[in-house]
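See below for the structure under consideration.
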Amino acid sequence: MDTELLQNMYDAAPELWYGIGALIVLLAGSCFVLMFSLLRMRQKNYFLRRDRERYAETLYASHDGYFAFIYPDEKVNDPRRTITERCSRRLAVILGLEKGVQSTFEDVLKHFYKDDVKKIYKYVGLLKEEGVAFEDYFLLKTANRYIRLEGVRINGADGNIYCDMIWFRDVSFATNRIKSLEEAKNAGEKKLLVLQDLLDNLPFAVWLRDHQLNIVYCNKKFAEFIPEKNKDEIMAEHIEIVGTNGESISKTLAARVHNTNRLGKTSVGVVIKGQRIAMEAFEVPFYAEQNLEKTYSAGCLININELDQLRRNLKRHQDAQLEILGTLGTAFAVFDQNMTLNFYNQSFTKLWQLDASLLDDKPGYTAFLDMIREKRLLPEVPDYKAFRQNELKAFTQIIGPVNDLMHLPNGKTLRRMRAPYPMGGIVFAYEDISDRLAATSAYNALMSVQNEILSGLFDAVLIFGANGRLIFFNDAYVRLWNADKNFLAGEPSFDEVLDSQSRFLAQDEDWETLKKGIRDNILDMTSKTMIMQRLHAENLKLGVTHLSDGSLMIVFHQADQES
């Protein structure tokens with residue numbers, strides 16, 4: 001291009017060229033602005049798509065499934081003219097829909113029972129027509145699961161209806177859990193009622209104290225002691241049963257057992273209808289709510305009025321018995337459950353050669369043993385400590401009367417009787433049987449000499465006791481009658497002995513008749529002697545003697561030899 005030509009053209013019309021330049025610049029600027037706006041719009045559309053994807057994925061990730069009825073936009077010329085249905089992936093998974101997200105609402109309702117489908121139709125109809133939200137629970141017929149349906153309407157800020165959504169949530173676990181908790185609650189309430197009935201029908205007052213010693217529970221029997229208040233008022237106001245002294249029957253006791261953590265009891269007097277009744281209150285501590293820092297206590301009040309009367313009567317009878325024992329010649333003493341001397345009589349002091357002033361100080365059983373040991377009035381033992389310890393064990397081991405002998409160093413022999421005392425402890429009785437033992441020994445020696453004399457006789461001898469049983473026989477009788485020693489040692493009766501002799505005496509006549517005649521002659525004879533004829537043996541002469549103790553001695557002599 002010729003530059004000179006261009007220069008001439010410019011010089012001819014410079015304003016035209018300025019306008020063309022300005023127009024070119026304006027067009028270039030407009031193109032730049034348009035391209036910038038287009039880039040901004042593309043960026044905005046990109047982020048709108050990303051936000052839409054985020055919201056969609058957020059809904060897909062929800063624990064709940066949904067089914068939406070999407071309406072066309074009425075504010076713009078929306079090409080969509082009908083309601084669109086949309087099923088979420090989560091809903092398809094929850095119900096196991098074969099068509100997945102392409103499932104229709106009819107496909108969804110196939111998983112519910114017929115009656116429930118009708119109910120759901122009503123809910124959805126009200127939601128679509130009037131926008132009425134709903135919430136209800138239904139059981140799937142294809143599985144033992146509970147589904148919560150919640151219908152809501154989604155509106156825009158401009159009042160446009162976007163969609164109606166029905167949310168589906170599987171609440172089987174929560175429902176079953178609630179059901180099991182309700183069953184456990186009902187079972188617990190039944191147990192509570194049983195325990196309540198049990199406590200209210202006990203024949204004595206029962207209560208419960210908290211860690212602050214306040215009564216927080218009581219039964220009906222407790223409320224009977226406070227007629228002006230009912231159970232709820234008693235528990236709310238922590239009202240106590242008061243004794244005859246006007247103070248609580250067991251609050252002080254409860255404070256003590258809370259500190260010692262041991263069962264406590266106390267005897268109290270309570271006025272009922274103007275009459276004083278003897279009772280016993282108990283408090284039992286325990287740790288509440290498995291907390292070692294929180295101590296509660298359970299208490300009860302038992303009527304011991306009859307028992308108290310029995311105790312008083314028993315005490316009077318015991319005192320009367322002890323007064324009688326005090327006048328007897330046998331030495332008596334009572335050591336109580338603490339092994340302390342509680343009673344003794346004059347014979348006891350004489351037997352053990354002790355001063356009454358020492359015994360009045362109520363020494364213990366150990367001190368008593370030490371006292372009489374110093375006087376050498378205890379049996380000689382190689383280990384005195386072991387002996388004393390064994391004596392002390394009797395206070396826990398003796399459950400019935402026990403008799404034994406005590407051989408003292410001075411030659412005396414005591415018979416000791418020990419028996420449990422009704423009020424606790426042991427009652428001791430001592431009897432000096434030295435003379436009795438000596439007399440028994442002499443008698444036994446005399447009887448032994450007499451037996452030896454009778455056994456050494458050539459004549460056969462039988463002795464029958466007052467009860468008619470054989471108590472003695474000698475060897476001469478065994479040889480004479482060819483008798484069985486074991487039979488005779490068994491203390492046979494008079495008739496049994498005669499039966500053993502029958503083979504020497506029986507003839508043609510009846511044996512029972514003959515035995516009766518022999519027995520009558522022996523027992524009733526007045527001549528003191530009689531002749532007994534034996535078969536195939538020598539005849540015998542019987543001597544019969546009635547002894548002073550009621551026994552009967554029969555001596556058999558050989559009559560032929562004597563003649």
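The values are calculated or read from the model by the stated rules, or taken from the named source; none is laboratory data. Computed from a predicted structure; not experimentally measured. Glycine also receives a Cβ, built like all others from the backbone with ideal geometry; neighbour counts cover every protein chain displayed. For accessibility, only protein heavy atoms count, side chains too; no ligands or nucleic acids. Shrake-Rupley method; radii C 1.70, N 1.55, O 1.52, S 1.80 Å.
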Roughly what would the spin-label model give for Ala133 and Lys273, points 7 Å off Cα along C-beta, in nm?
6.6
With the other protein chains left in place, how much accessible area per residue, in square angstrom, belongs to the range 334-436 at a 1.4 angstrom probe?
56
Given the pairs Lys485/Lys515; Lys114/Lys185; Lys191/Lys221; Lys485/Lys516; Lys99/Lys179; Lys231/Lys265, which span a C-alpha to C-alpha distance of over 29 angstrom in this model?
Lys114/Lys185; Lys99/Lys179
Given a 1.4 Å probe and the protein chains all in place, what does the accessible area of Ile277 round to, in Å² to the nearest 10?
20
With all protein chains in place and a 1.4 Å probe, Glu512 shows an accessible area in Å² (nearest 10) of 100
Of Cys300, Cys87, ordered by accessible area with the largest first and a 1.4 Å probe, the sequence is Cys300, Cys87
Largest to smallest accessible area among Asp495, Asp158 [probe 1.4 Å]
Asp158, Asp495
Reduced to Cα centres, the span from the range 114-132 to the range 160-174 in Å works out to 13
Assuming 0.36 nm per residue, please report the length gained on full extension of the stretch Glu237 to Glu380 beyond their Cα-Cα distance.
44.5 nm
At R0 = 35 Å, FRET efficiency that the Cβ-Cβ distance of Met530 and Arg436 yields, to 0.05:
0.25
How many nm is it between the label spots at Asn160 and Leu126, if each spot is 7 Å from the Cα in line with the beta carbon?
2.9
Where Arg479, Arg49, Arg388 fall by accessible area, highest first, once all protein chains stay in place (1.4 Å)
Arg479, Arg49, Arg388
Where the centroid of each part is defined by its Cα atoms, how far is the range 377-424 from the range 208-254 in Å?
51
Given H placed on each backbone N at 1.01 Å, which residues far from Ala483 in sequence or on other chains put an amide H within less than 5 Å of it?
none
Heavy-atom accessible area of Glu150, protein chains in place, probe 1.4 angstrom, given in Å² to nearest 10, is 60
Run the simple label-point estimate for Thr260 and Lys141 please: 7 Å along Cα→C-beta, distance reported in nm.
7.3
